[in-house]
1. Give segment 86-124 a look and list any residue that's touching a strand residue (DSSP E or B) at 6+ places or on another chain (Cβ under 9 Å) and β-branched (Val, Ile, Thr), or say none.
2. Which residue is surrounded by the most Cβ atoms within 10 Å (Cβ to Cβ), if the candidates are limited to segment 126-149 and must be over 30 Å from residue 110 (Cα atoms) and of a type in the set (S, T, N, Q)?
3. Among the residues of segment 150-170 satisfying the criterion of being farther than 15 Å from residue 119 by Cα and not β-branched (Val, Ile, Thr), which is surrounded by the most Cβ atoms within 10 Å (Cβ to Cβ)?
4. Go through segment 155-175 residue by residue and tally those that are touching a residue at least 24 places away in the same chain (Cβ under 8 Å) and more than 14 Å from residue 105 (Cβ to Cβ).
5. If you check 89, 99, which single one turns out to be modelled with pLDDT of 55 or more and touching a Cys at 6+ places or on another chain (Cβ under 6 Å)?
6. Residues in segment 90-111 that are surrounded by 12 or more Cβ atoms within 10 Å (Cβ to Cβ) and part of a loop (DSSP other than H, G, I, E, B): how many?
7. Does segment 112-128 hold any residues that are hydrophobic (A, V, I, L, M, F, W, C) and in a strand (DSSP E or B), and which are they?
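The values are calculated or read from the model by the stated rules, or taken from the named source; none is laboratory data. If you're wondering where the values come from, they're calculated on a predicted model, not measured in any experiment. Cβ atoms come from the backbone with ideal geometry, glycine included; neighbour counts cover every protein chain shown.
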Amino acid sequence: MMRTGHLPRLIIALAGLCLAGCGATQAGSPAVESTTTPVSVGTTTSTRPSADKPVDQTTRPSSHTSATSKPAPTVSISVVRQPTCPVHGTPDAPFSSPGTDVIISWKVTGASGAAVAVDNPNIYGAYGMYDATGQLTLAFGCSGTTGKTTHTYTVWSAGVKDVSKTISVSATNNP
């Protein structure tokens, strides 16, 4: 139950709210203009009523994006052309053929370049620094013994030594 002494204060408070939010005026009260000011939030625009002073316009990033975070670097490496080892002719089999070089390609995202190593997967950039996307044609040295020869190729994102990919490429020796 409400006392009657509080009723006039409640009516005045409600009338003040109506003046600020409804745009109506009361006799003897100063006119208060009701306006709306657009406020940008993420990619949507909403409006808020403002009484005496304008609303600050602030753009806030949406909750699912961050303007300051960079994506983690990624590295991909592939073989464009498989190598072959040379075939050496003999009196019994006079056919001979030179070997073919290996061609590797890479793509690094999230970094300005790539560091490459050949047969040194633990030595950052042992073969040099290159563009973020590229390919190399490399001689593929084969041994003269029966079996296969394998070489490893490692690519890092430039400046980030803990993000790399290594591939191993093999070719059959032809002694």
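1. Answer for segment 86-124, where residues must be touching a strand residue (DSSP E or B) at 6+ places or on another chain (Cβ under 9 Å) and β-branched (Val, Ile, Thr): 87, 100, 102, 103, 104, 108, 109, 116, 118, 123.
2. 149
3. In this case the residue turns out to be 157.
4. Residues that pass the stated criteria total 14.
5. Answer to the check: 99.
6. The number of residues fulfilling the criteria is 4.
7. 114, 115, 116, 117, 118
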